[in-house]
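Visitor: Here you go, one structure.
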Amino acid sequence: MIELLRYLEANGFVTYIASGGDRDFMRPVAENMYGIPPERIIGSALGIAYSADGGQSILLYKGAMDFFDDGPEKPVRIWSRIGRRPIALRLLLLHDDAEREFDYTAGAGGRWRSRTSRIGPW
């Protein structure tokens, strides 16, 4: 996956991570793991509220999701965040290199496989 990111960047693409998972979980780890800075992470998020109680400005997480970045919402979120149409929305990566990452094919006795992928415009 990292080799693919570097290849795309070397060929003029700006890469983002658009995750159905929590963006605030991904942002602190994505730069060290994938070389993607926090401002290029798009993902699901809990609601956030601003408060200035006692002269101190703070951001507070709400107890409910603000948006769930998955399914048909994903291309809408990508467009609204970066102002560009996504080129590769889904991509199948076979994680089978145990020396550099977790080998999912061996993890479940070789039975784990991704089922769907699509490369191309939404």
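The values are calculated or read from the model by the stated rules, or taken from the named source; none is laboratory data. Worth saying up front: this structure is predicted, and the values here are computed from it rather than measured. Reconstructed Cβ throughout: ideal geometry from the backbone, glycine too, with neighbour counts over all protein chains shown. Each accessible area value is taken on the protein alone, full model and side chains, heavy atoms only, with ligands, DNA and RNA left out. Shrake-Rupley method; radii C 1.70, N 1.55, O 1.52, S 1.80 Å.
Visitor: Within segment 36-50, work out how many residues are closer than 22 Å to L8 by Cα and touching an Asp or Glu at 6+ places or on another chain (Cβ under 8 Å).
Guide: Counting residues in segment 36-50 that are closer than 22 Å to L8 by Cα and touching an Asp or Glu at 6+ places or on another chain (Cβ under 8 Å) gives 4.
Visitor: While we're looking at this one, here's another question. If we scan segment 57-76, do we find a residue that is of a type in the set (D, E) and more than 16 Å from G21 (Cβ to Cβ)?
Guide: no
Visitor: Can you pull out every residue in segment 7-20 that is within 16 Å of the chain's Cα centre (by Cα) and farther than 14 Å from R40 by Cβ?
Guide: Residue satisfying the conditions is G20 alone.
Visitor: Identify the residue in segment 1-39 that is charged (D, E, K, R) and open to solvent by 50 Å² or more (accessible area, probe 1.4 Å) and, among all such residues, is farthest from I78 (Cα to Cα).
Guide: E3
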